[in-house]
1. Take the Cα radius of gyration of the range 9-99 and divide it by 2.2 N^0.38 Å, with N its residue count; two decimals is plenty.
2. In terms of the Cα gyration tensor, with a ≥ b ≥ c the square roots of its eigenvalues, is the range 14-66 rounded because a/c is under 1.5, prolate because a/b exceeds b/c, or oblate?
3. Compute the length gained on full extension between Phe30 and Gln97: take 0.36 nm times their separation in residues and subtract their Cα-Cα distance, giving the result in nm to one decimal.
4. Tabulate in residue order the Karplus-calculated ³J(HN,Hα) for the range 37-46, using 6.51 cos²θ - 1.76 cosθ + 1.60 with θ = phi - 60°, rounded to whole Hz; enter x for Gly and Pro.
5. Of the options Cys103, Ile3, Gly60, report the single residue whose Cα projects farthest towards the positive end of the charge dipole of the chain (beta-carbon charges: Lys, Arg +1; Asp, Glu -1).
6. Leaving out ligands, DNA and RNA, and with a 1.4 Å probe, what % of the accessible surface on the chain is carbon or sulfur?
7. I need the GluC sites (Glu not before Pro) found in the range 1-47, filtered to DSSP loop residues with at most 15 other beta carbons within 10 Å of theirs.
8. For an R0 of 30 angstrom, estimate the FRET efficiency from the Cβ-Cβ distance between Asn62 and Val105 and round to the nearest 0.05.
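The values are calculated or read from the model by the stated rules, or taken from the named source; none is laboratory data. None of these values were measured; they are calculated from a predicted model. Positions of Cβ are generated from backbone atoms using ideal geometry, with glycine treated the same way; all protein chains shown enter the neighbour counts. Quick note on the areas: whole protein, heavy atoms, side chains included, nothing else; ligands and nucleic acids left out. Shrake-Rupley method; radii C 1.70, N 1.55, O 1.52, S 1.80 Å.
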Amino acid sequence: MEINEVVLKAIDEKKGYDIFDYDVKEITPFFDHVIICSTQNIRQNNAIAQNIRDRLKEAGWNQSFLMEGNSDSKWILLDLKETIVHLFVQEERQVYQLDRLYCDVPVVRYDI
């Protein structure tokens, strides 16, 4: 199973929403995809981040990865090498408007 599929399934299991998968291969050599997801609150944000870690481990993905943010964060970033995942509490996503950075690249929206 591809890493993005594992991540999207993990987000779905914990009811993340407003999910966008940006294909950024053409604009950066550092990673291929940026996934941005909204959550209702900090607790759900943490639950999704933990679920992504658990599902990657179950899928046999044993590479280390970085996670920025903690249990009080409204924005958690997971650096999974070729994919970057941003988990935002909805209000925080509106403040930073990160989606605007990727408005010119191919995108798939998931309403899971």
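1. Its radius of gyration relative to the 2.2 N^0.38 Å reference: 1.03.
2. It comes out oblate by the Cα gyration axes.
3. Full-extension gain reported as 22.0 nm.
4. 9, 9, 9, 6, 7, 4, 4, 5, 4, 5
5. So the residue furthest toward the plus end is Gly60.
6. Roughly 49 percent, rounded to a whole number.
7. Listed in order of number, the matching sites are Glu2, Glu26.
8. 0.55
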